[in-house]
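The values are calculated or read from the model by the stated rules, or taken from the named source; none is laboratory data. Please read all numbers here as calculations on a predicted model, not as lab measurements. As a convention, Cβ positions derive from the backbone with ideal geometry for all residues, glycine included, and neighbour counts pool all protein chains shown. Remember, those area values only see protein heavy atoms, side chains included, never the ligands or the DNA or RNA. Shrake-Rupley method; radii C 1.70, N 1.55, O 1.52, S 1.80 Å.
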Amino acid sequence: EDVHKNVWNAKMISTAKEYDLLAQYGEDKFEPNKSMMREEAISIISSAIKKFAQEKRVEVSKEEIDKLLALYVDNVDVSDWACSDMFYCIEAGIVKGDNKNLYPKEYITRAEATTLIKRMLESLGLI
């Protein structure tokens, strides 16, 4: 595991792993000091919603996912592993895009991250 037990955020990362919020990184790799891309953050948000939402997520086909993502100019930049997470976050109103772009490979800013978290909490009825 690449998260040392003595670093300030080790417990938070461990808790996120326990709840399967970091599944896209695998068992022993998180790279805590690396910058995070937007699609990675969206995947974590999607995993949290899936884990804590009162209503169970309805599975959708790849065709439905592709149809929605096709509305965005840069849809081809969304990694295969992130497509369904991106779909669910768009559907839930958490991800809105910017000028018909999702910018999945761009690094997420703190402002964007807090906006996603706020929208997630709203979608879960927590605020």
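If we scan the stretch 103-117, do we find a residue that is among the charged types (D, E, K, R), in a helix (DSSP H, G or I) and open to solvent by less than 70 Å² (accessible area, probe 1.4 Å)? Yes: one or more hits. Residues in the stretch 37-49 include none that are of a type outside the set (Val, Ile, Thr) and either assigned to a loop (DSSP other than H, G, I, E, B) or surrounded by fewer than 16 Cβ atoms within 10 Å (Cβ to Cβ) (or both). Here residue 90 clears all of (1) farther than 15 Å from residue 37 by Cβ; (2) open to solvent by 70 Å² or more (accessible area, probe 1.4 Å); (3) not in a loop (DSSP other than H, G, I, E, B) except the condition numbered (2).
For the stretch 54-71, does any single residue satisfy the condition of being farther than 18 Å from residue 20 by Cα, surrounded by fewer than 18 Cβ atoms within 10 Å (Cβ to Cβ), free of Cβ contacts under 8 Å to residues at least 12 places away in the same chain and hydroxyl-bearing (Ser, Thr, Tyr)? Yes: the stretch 54-71 contains one or more residues that are farther than 18 Å from residue 20 by Cα, surrounded by fewer than 18 Cβ atoms within 10 Å (Cβ to Cβ), free of Cβ contacts under 8 Å to residues at least 12 places away in the same chain and hydroxyl-bearing (Ser, Thr, Tyr). Of the residues making up the stretch 72-127, those that are among the hydroxyl-bearing types (Ser, Thr, Tyr), over 13 Å from the mean Cα position of the chain (by Cα) and under 18 Å from residue 48 (Cβ atoms) number 1. Which members of the stretch 25-35 meet the condition of being surrounded by 12 or more Cβ atoms within 10 Å (Cβ to Cβ) and at pLDDT below 65? Result: 25, single match. For the stretch 62-76, the count of residues that are within 23 Å of residue 34 (Cα to Cα) and assigned to a helix (DSSP H, G or I) is zero.
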